[in-house]
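The structure appears below as structure tokens.
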Amino acid sequence: MRDSTIAGFKGLCLLALGVLLSACAGTPDYNPTTFPYELDQGKLAANSIRTVVIPHVNLGPPSRNYLEDEAPRIDGYVSAYLKENGYKVIAQREFEQRWNTAVRAYGNPVDPTTGRTNMKSFSLIMQDVRDGLVKDFNLDAFVFTDLLELEAPFSGGLKHVARWDGVTRKPAVQGPGNSISADFDWNAVAAVASLQVAIFNTDLERVFFSRGGLDATDAIDTRTERYARRRTLLENKDNIKEGIGIALHPFIEYEDWPGNP
């Protein structure tokens, strides 16, 4: 009787240990660089959001030219993610057509020389665009997606990873061969890209703001042993999807969000 009791106790302990390990394995690693999102629960509760549009223009300054070239593809991933989570996404061309019409009336709000935005004309244009989209599609919100370029070092430890805006990435290598010299300066910073998301309701009030890291836009060039811009940018689909999930959390709950609970 005593032996069977001990065996039963051991079995329960092993089962509990297994559950604990399983729970730990399913918990994403905390990343201290995760962006502190802003979410206005009151405004979201007052006006639920189901129908959105992704503007083709930045909310902030224009992205670097080489990132701007990738913007339509990234917006396509964002659109797909929103649809997967039950949102209706109006075609971007509907925004673009109304935007271009309003620009002819009020002028381009972005100074091409300085990149600065005239907020008065921007606001007038957005009001015109909003009125048209609300009338034709029952629009609830604008989802602005800006591609930002930042800098981050790949750590000098054994793993050589960079962390920014909630993601962890290994360095890419390009050029002849794939070996990195022992003299490479791991303290140097590399260019990296993040997705910034800002959501505005139809009163043009911001209800959500956050960022998620995408990938490095620099790689280690084996010829010069320095960082150089990657030949192909933002091509890793898994990295893009992770960055989008982080950038939109908790507007859309992301299971692997790496910030504080």
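Residue check: is residue 88 touching a helix residue (DSSP H, G or I) at 6+ places or on another chain (Cβ under 9 Å) and surrounded by fewer than 19 Cβ atoms within 10 Å (Cβ to Cβ)?
Against the criterion (touching a helix residue (DSSP H, G or I) at 6+ places or on another chain (Cβ under 9 Å) and surrounded by fewer than 19 Cβ atoms within 10 Å (Cβ to Cβ)), residue 88 qualifies.
Do you know which of the residues in the range 215-234 that are polar (S, T, N, Q) and more than 13 Å from residue 151 (Cα to Cα) is modelled with the highest pLDDT?
Among residues in the range 215-234 that are polar (S, T, N, Q) and more than 13 Å from residue 151 (Cα to Cα), the one modelled with the highest pLDDT is 232.
Report every pair of residues separated by at least 6 positions or lying on different chains whose Cβ atoms are under 9 Å apart, first residue within the range 94-119 and touching a residue at least 40 places away in the same chain (Cβ under 8 Å) and part of a strand (DSSP E or B), second open to solvent by 60 Å² or more (accessible area, probe 1.4 Å) and not hydrophobic (A, V, I, L, M, F, W, C).
110/61; 110/62; 110/116; 110/118; 117/61; 117/111
Among what's in the range 47-85 and is buried (at least 18 other Cβ atoms within 10 Å of the Cβ) and among the acidic types (Asp, Glu), pick the residue that is farthest from residue 140 (Cα to Cα).
Here the residue is 70.
Could you list, in sequence order, the residues of the range 67-121 that are touching a Pro at 6+ places or on another chain (Cβ under 7 Å) and basic (Lys, Arg)?
Within the range 67-121, no residue meets the criteria.
List pairs: first residue in the range 38-53 and in contact (Cβ under 8 Å) with a residue 40 or more places away in the chain, second residue open to solvent by less than 70 Å² (accessible area, probe 1.4 Å) and of a type in the set (S, T, N, Q) anywhere in the structure, Cβ distance under 6 angstrom, at least six positions apart or on different chains.
From residues that are in contact (Cβ under 8 Å) with a residue 40 or more places away in the chain, the pairs are 47/201.
Okay, residues lined up against (1) among the hydrophobic types (A, V, I, L, M, F, W, C); (2) under 26 Å from residue 84 (Cβ atoms):
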residue	(1), (2)
215	no, yes
220	yes, no
224	no, no
231	no, no
241	no, yes
244	yes, yes
249	no, yes
256	no, yes
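Taking residue 10 as meeting all but one of (1) within 25 Å of residue 120 (Cβ to Cβ); (2) at pLDDT below 90; (3) open to solvent by 60 Å² or more (accessible area, probe 1.4 Å), write down the number of the exception.
(1)
The values are calculated or read from the model by the stated rules, or taken from the named source; none is laboratory data. As the structure is a computational prediction, the values presented were derived from the model and not from experiment. Ideal geometry is used to build each Cβ from the backbone, glycine not excepted, and the neighbour counts take in all protein chains shown. For the accessible areas, the whole protein counts, side chains as well, though only heavy atoms, and no ligand, DNA or RNA atoms are used. Shrake-Rupley method; radii C 1.70, N 1.55, O 1.52, S 1.80 Å.
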